[in-house]
Amino acid sequence: MNTPIIRRINLPVTFQPLTSERLVGTFTIRNPSADNAVLLCDDGVTELPMDRGQQFTLEGVDLSQLQAKSNGLGDFLMVTGATRTV
């Protein structure tokens, strides 16, 4: 059964996974806070800065495999979507 997900994820100053446990589904990741959010690409090296208001919709992604950080205090990401059975 698919479960709706709506989460505010506070960003630390070092890269951390978006969730601590496996959570697979289709999610929209949005940066509503200051323009300091940074995603780490799957190569483990390339950093992708997210401007304020920028969003990505990812299908079939495991949020525990995505990492993000902030260059400032108080920044966060909004994650909305639904899980799917794996």
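Bear in mind these aren't lab numbers, they're just calculated from the coordinates by the rules spelled out. Computed from a predicted model, the values in this text were never measured in an experiment. Don't worry about glycine lacking a Cβ; one is built from the backbone with ideal geometry, like all the others, and counts go over all protein chains shown.
Numbers below:
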quantity: Extreme residue, positive dipole direction of the chain, given options S64, V79, C41 (C-beta unit charges); calculated: V79
quantity: For F76, distant residues with modelled amide H under 5 Å away; calculated: L11, S33, A34
quantity: Relative contact order, percent, the chain [alpha-carbon distance under 8 Å, six or more residues apart]; calculated: 50
quantity: Cα point-scatterer Debye curve for the chain, base-10 log of I(q)/I(0) at q = 0.12, 0.21 Å⁻¹; calculated: -0.31, -0.96
